[in-house]
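Read through the structure below, which is laid out as structure tokens, and then see the notes.
The values are calculated or read from the model by the stated rules, or taken from the named source; none is laboratory data. None of these values were measured; they are calculated from a predicted model. Every residue, glycine as well, gets a Cβ built from its backbone with ideal geometry; the counts of neighbours run over all protein chains shown.
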Ligand SMILES: NC(=O)c1ccc[n+]([C@@H]2O[C@H](COP(=O)([O-])OP(=O)(O)OC[C@H]3O[C@@H](n4cnc5c(N)ncnc54)[C@H](OP(=O)(O)O)[C@@H]3O)[C@@H](O)[C@H]2O)c1
């Protein structure tokens, strides 16, 4: 696989770099990270052995793949900075929330663009990455899928669903972690030390997700297996539902979705 440059070594950029650097697809030295912060760059260089640069223009020379990993408000500036040096065979991979392929192509009309929406699970090769591209980008799309397969699960989706993918997959990390925190707090209230409650809650979450992932079952089937009639699990589940658990999660997801459609 040829060289790759990631513009933006922040929260997500670091997670992607860490996954890609430990994959077999790229040698660490063929990955270049560009960031404004010298401190950020020193960390990734030291921890992951990748190349780093503060100079965007030189860092994208002779590079096949350019991952855009900056904040939405920073994207336009980056695109205008690189547009005159980009060659037409360079592929842009955008992680940026809320900016369409068409909008990117308005600034860089001659480059193929693929949109990806990973999450920070990438750092542990457990990202959920939704990917979309136009019909004329089929071959490159296959390669990008392979690239992101090295850092977790991938799903090719229609671009119109990218905002929904951001809420469910990327913000989803925060949603699950807030639920995990509540589980830990419940454990502490029942008498566990915080670190014990965390060990139990985290391993239980991994077990629950793995059951569904590996058995391919609907969550409710796995719930039925631990729900004895008139037992403590159904008592707890029903109380959570009386308090609005499912409803508040769905409402939260829809609030997040409404918000993302207003972000530019
Ligand atoms: N975090 C997630 O879980 C997640 C998931 C999916 C998608 N995304 C999307 O991924 C993108 C990056 O998110 P993030 O959380 O990683 O953001 P972030 O932590 O703010 O990282 C962006 C980095 O890019 C740097 N940067 C900005 N403009 C630059 C330039 N012209 N040259 C060099 N470096 C530059 C920033 O430096 P300064 O801070 O100094 O400006 C910052 O270090 C966003 O568009 C976000 O919507 C994020």
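Structural remarks
- Selection status of residue 91, outside the structural domain of residue 20 (by TED's automatic domain parsing) and more than 16 Å from the ligand (Cβ to nearest atom): no
- Filter result (touching a helix residue (DSSP H, G or I) at 6+ places or on another chain (Cβ under 8 Å) and either surrounded by fewer than 13 Cβ atoms within 10 Å (Cβ to Cβ) or outside any helix (DSSP H, G or I) (or both)) within segment 191-202: 192, 194
- Checklist (1) away from the ligand (no atom under 12 Å from the Cβ); (2) modelled with pLDDT of 95 or more applied to residue 149, failing item: (2)
- Any hit, segment 38-52, residues being touching a residue at least 40 places away in the same chain (Cβ under 8 Å) and outside any helix (DSSP H, G or I): yes
- Answer residue from segment 1-31, given it is outside any helix (DSSP H, G or I) and surrounded by 23 or more Cβ atoms within 10 Å (Cβ to Cβ) and is nearest to the ligand (Cβ to nearest atom) among those: 8
- In this structure, residue 254 does not satisfy being touching a helix residue (DSSP H, G or I) at 6+ places or on another chain (Cβ under 9 Å), modelled with pLDDT under 95 and closer than 29 Å to residue 93 by Cβ.
- Residues within segment 57-72 that are surrounded by fewer than 18 Cβ atoms within 10 Å (Cβ to Cβ), within 9 Å of the ligand (Cβ to nearest atom) and within 12 Å of residue 33 (Cα to Cα), tallied: 0
- Selection from segment 94-112 of residues that are within 15 Å of the ligand (Cβ to nearest atom) and farther than 21 Å from residue 143 by Cβ: 97, 98, 99, 100, 103, 107
- Qualifying residue in segment 37-47 (condition: near the ligand (Cβ under 10 Å from one of its atoms) and within 27 Å of residue 138 (Cβ to Cβ)): no
- First in segment 104-120 and in the same structural domain as residue 93 (by TED's automatic domain parsing) and without any contact (Cβ under 8 Å) to a residue 12 or more places away in the chain, second anywhere and in a strand (DSSP E or B) and crowded, with 19+ Cβ neighbours inside 10 Å, Cβ under 8 Å, 6 or more apart: 105/113
- Flag for residue 205 being modelled with pLDDT of 95 or more, out of contact with any strand residue (DSSP E or B) (no Cβ under 8 Å at 6 or more places or on another chain), surrounded by 19 or more Cβ atoms within 10 Å (Cβ to Cβ) and over 19 Å from residue 260 (Cα atoms): no
Table: residues versus (1) within 16 Å of the ligand (Cβ to nearest atom); (2) farther than 30 Å from residue 137 by Cα.
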| residue | (1), (2) |
| --- | --- |
| 168 | yes, no |
| 175 | yes, yes |
| 190 | no, yes |
| 248 | no, yes |
| 252 | no, yes |
